[in-house]
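Enquirer: Handing you a structure now.
The values are calculated or read from the model by the stated rules, or taken from the named source; none is laboratory data. Computed from a predicted model, the values in this text were never measured in an experiment. Neighbour counts run over all protein chains shown; Cβ positions are idealised from the backbone, glycine included.
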Number of protein chains: 2
Amino acid sequence: MNDIKQAPIGVFDSGVGGLTVVREIMRNLPTEKIVYFGDTARVPYGSKSKETVLRYSRQIVRFLGTQEVKAIVVACNTASAMALEEIKEEIDIPIIGVVRPGAKVAAEMTENKRVGIIGTQATVGSQIYRKLIQEIDPEIEVIGKPCPLLVPLVEEGWLKDPITDMVLERYLKELLSEDVDTLILGCTHYPLLRSNVRKLVGERVHLVNPAYETAQSLGKLLRENGIANDGHEEEEFPYRFYVSDMAERFTDFASTILPFDVSSAKKVNIEEY
Amino acid sequence: MNDIKQAPIGVFDSGVGGLTVVREIMRNLPTEKIVYFGDTARVPYGSKSKETVLRYSRQIVRFLGTQEVKAIVVACNTASAMALEEIKEEIDIPIIGVVRPGAKVAAEMTENKRVGIIGTQATVGSQIYRKLIQEIDPEIEVIGKPCPLLVPLVEEGWLKDPITDMVLERYLKELLSEDVDTLILGCTHYPLLRSNVRKLVGERVHLVNPAYETAQSLGKLLRENGIANDGHEEEEFPYRFYVSDMAERFTDFASTILPFDVSSAKKVNIEEY
């Protein structure tokens, strides 16, 4: 008898960035098993059109279906912005993205009703954070700024680096001149730049990390659906990793996010799904 | 009767960077027709594995086959490095990449037998420039440096920018300390940074632009095969553009490279080929 509570959570992202979400799920829901898929062959999604991101996301959801997951987390801001609404209508299991949990907390945190959001071209261009925040409170102004250089800077490993600080300063200058009191780190790579951002914006700006908020929402969703895991068996390693391309730098980078080696990731030919 | 001389040249790249090669072909072989394919849905190739780049390249070559091209130019350093040798064995029409022409000129230009090459992780990691240069002269030392931030900086449009100069300075510092007298701009985006590079390396270093050398080699190849075009009819627009994703920023960027608007690009579902 298969107990659905014992089934894994499916988590996917355009690449390795979604591992920051996996990290938060591991910390906050330590009894849950996870199947992660990173679309490393087609990364990044952030510069692509809605149609393409939707097609890729559907393929990944079909793959995760073969892994018998009990729920899906879209751990990619771009895919959450561009594909989640459609896919939600097409599948039978609970699915959440990173955008709504982040939007909700930002709406709660802002005092002056001015929220900034940084992310990829696609995420910011989609206006999804604005839409979801204004559904909660139409008076909140949401100011977005696409930051296409931040992902490559993080992946280059230039975290504590004056060049990264200069790039961030330029991107954030406009937002800060808009007097936002809350800033959403709207891309899964950005929590790795949290201390750089903090240094630039000072203590008075609330920073929202959607990865953390998503782990909280996931826990609530699992409990509401009666499918939260009470505890996985100790002897079994509860995390499985799949990628669409085995390029070495991705496993290297993954190891900087997670507390263990993911070199055991298996390759999936995702275009077949 | 179809005259093969009238058939177009197929040119492909992982995205829009290959348009710098198209630009050189237009300038140097103005009577040739061109069909361009940019894999904008799956860009970039530079961080992907050989297996993935080869699979993508084969799909594109099959698509170009449906366009009845008479020859193919792989206008992408990464695909030239990782897929050209295999594909050459699999097709019946002439095909050239950008690596061999660039390597040949670098080998001819260097006086102190020390050549530097900058490019993507995949191109530099493949050691293809070293291999081809040392086939010509085994005494030449080839020193490579991957520069993953340069493509996003160019695509962000930060060309005349102190941040770009700082990033370039860091990447080139190591190469210059190796006393290279010739530097290959081993990625199709880099010719757009030529003046930034020139400023940093001074006049004593030869800069090699493989796009220009490729157009020269292509002309030679067409003449040798007796398939050079004597002149296309004036009334017909001789250039067609295809992409795998219609994201707006790519057409915007393309217009900065080419002397006319490419918004007429058509979308192809490349995964079906």
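Enquirer: From the set of residues in the range A:176-202 that are aliphatic (A, V, I, L, M) and farther than 25 Å from residue A:74 by Cβ, which is nearest to the other protein chains (Cβ to nearest Cβ)?
Expert: By that ranking, first place goes to A:200.
Enquirer: Of all residues in the range A:150-196, how many are under 26 Å from residue A:213 (Cβ atoms), surrounded by fewer than 17 Cβ atoms within 10 Å (Cβ to Cβ) and within 21 Å of the chain's Cα centre (by Cα)?
Expert: So the count comes out to 3.
Enquirer: Among the residues of the range A:94-113, is any within 14 Å of another protein chain (Cβ to nearest Cβ) and in a loop (DSSP other than H, G, I, E, B)?
Expert: Checked against the condition, which is being within 14 Å of another protein chain (Cβ to nearest Cβ) and in a loop (DSSP other than H, G, I, E, B), the range A:94-113 yields no hits at all.
Enquirer: With the requirement that a residue be away from every other protein chain (no Cβ under 14 Å) and either surrounded by fewer than 24 Cβ atoms within 10 Å (Cβ to Cβ) or touching a His at 6+ places or on another chain (Cβ under 9 Å) (or both), what does the range A:119-141 give you?
Expert: Hits for the range A:119-141 are A:127, A:130, A:131, A:132, A:134, A:135, A:136, A:137, A:138, A:139, A:140, A:141.
Enquirer: Tell me yes or no: at least one residue of the range A:152-169 is more than 13 Å from chain B (Cβ to nearest Cβ) and modelled with pLDDT under 95.
Expert: Yes, there is a match, as at least one residue in the range A:152-169 is more than 13 Å from chain B (Cβ to nearest Cβ) and modelled with pLDDT under 95.
Enquirer: Give A:47, A:80 a once-over and let me know the one that is under 30 Å from residue B:252 (Cα atoms), more than 14 Å from chain B (Cβ to nearest Cβ) and in contact with a helix residue (DSSP H, G or I) (Cβ under 6 Å, 6 or more places away or on another chain).
Expert: Just a single option satisfies the conditions, and that option is A:80.
Enquirer: What number of residues within the range A:240-258 are at pLDDT below 80 and either more than 13 Å from residue B:49 (Cα to Cα) or in contact with a strand residue (DSSP E or B) (Cβ under 9 Å, 6 or more places away or on another chain) (or both)?
Expert: Number of matching residues: 5.
Enquirer: Let me ask you something else. With B:53, B:61 as the choices, which residue is more than 14 Å from every other protein chain (Cβ to nearest Cβ) and either within 28 Å of residue B:265 (Cα to Cα) or not in a loop (DSSP other than H, G, I, E, B) (or both)?
Expert: B:61
Enquirer: Find the residue count for the range A:15-44, including only residues that are under 23 Å from residue A:264 (Cβ atoms) and away from every other protein chain (no Cβ under 14 Å).
Expert: 19
Enquirer: Picking from B:35, B:74, B:53, which residue would you name as being in contact (Cβ under 8 Å) with a residue 12 or more places away in the chain and under 13 Å from the mean Cα position of the chain (by Cα)?
Expert: B:74
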